[in-house]
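**Student:** To start, I am sharing the structure in question, which I have written as structure tokens.
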Amino acid sequence: MNRREFSALLPLLAAVGALAPAEGAPAHAPLEKLASGLYAEGPAPQPSATGRISRHIVLGMLPDDIRLEAHETTLEPGAGWEPIRTHKHTEMWLVMDGHVHLMTEGATRVMTRGDMGIAVAGTRHSVANASKTETCSYYVVCVGPPE
């Protein structure tokens with residue numbers, strides 16, 4: 001690589017450096033410390049193109065540096081699979097209405113009202129509406145280390 005080629009790369013290298021967090025800086029803003037009490041469900045968001053509607057309930061830190069998140073999700077009929085993911089936290093789904101497909105480590109199960117599915121931290125998982133004609137809804141609770 002000559003000087004001219006290297007000089008052409010400098011703006012790109014500067015941009016990449018600006019996007020990276022400073023050494024020792026947290027990747028995300030610190031979450032608020034949670035206290036005992038009531039956390040009301042947030043306002044209903046607009047429906048998305050993917051057929052998923054999530055309503056925030058709580059996101060913050062418990063004692064001992066434990067992250068807690070909870071939200072309600074509704075999936076329209078035929079809403080497809082979310083991307084397969086893994087997390088540092090454990091994720092739990094409590095089905096309120098309808099039928100939900102839960103995939104963990106390649107095994108798919110159908111959950112119905114009152115069922116709880118769990119993906120322990122590090123487990124590959126995904127969810128989808130199991131019905132082409134009915135909506136489904138579930139509460140999600142995530143507990144684990146800060147992300």
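Any read-out appearing in this document is the output of simple, stated calculations on the displayed coordinates, not a laboratory observation. Owing to the predicted nature of the structure, the values given are computational and were not obtained by experimental measurement. Because the Cβ atoms are built from the backbone with ideal geometry, glycine has one as well, and the counts that use them run over all protein chains shown.
**Student:** List, in order, the whole-Hz ³J(HN,Hα) value for each residue of the stretch 92-107 obtained from phi through the Karplus relation with A = 6.51, B = -1.76, C = 1.60 and θ = phi - 60°; use x for Gly and Pro.
**Tutor:** Each residue of the stretch 92-107 in turn: 10, 10, 10, 6, 9, 8, x, 10, 10, 7, 10, 10, 10, 6, x, 8 Hz.
**Student:** In addition: Are there GluC sites (Glu not before Pro) in the stretch 44-132 that DSSP marks as loop and that have at most 16 other Cβ atoms within 10 Å, and which are they?
**Tutor:** Sites meeting the loop and neighbour criteria: GLU105.
**Student:** May I pose another question? Which value does Rg/Rh take for the stretch 52-144 over its C-alpha atoms, Rh per Kirkwood?
**Tutor:** Radius of gyration relative to Kirkwood radius: 0.97.
**Student:** Could you put CYS142, CYS136 in order, starting from the residue whose Cβ has the fewest other Cβ atoms within 10 Å?
**Tutor:** Arranged by neighbour count, lowest to highest, CYS142, CYS136 become CYS142, CYS136.
**Student:** What order do you get for ARG67, ARG55 when you list them from fewest to most C-beta neighbours inside 10 Å?
**Tutor:** Listed from fewest to most nearby Cβ atoms, that is ARG55, ARG67.
**Student:** Would you mind working out the magnitude of the charge dipole of the stretch 52-144 relative to its Cα centre, with +1 at each Lys and Arg C-beta and -1 at each Asp and Glu C-beta, to the nearest 20 Debye?
**Tutor:** Charge dipole of the stretch 52-144: 180 debye, to the nearest 20.
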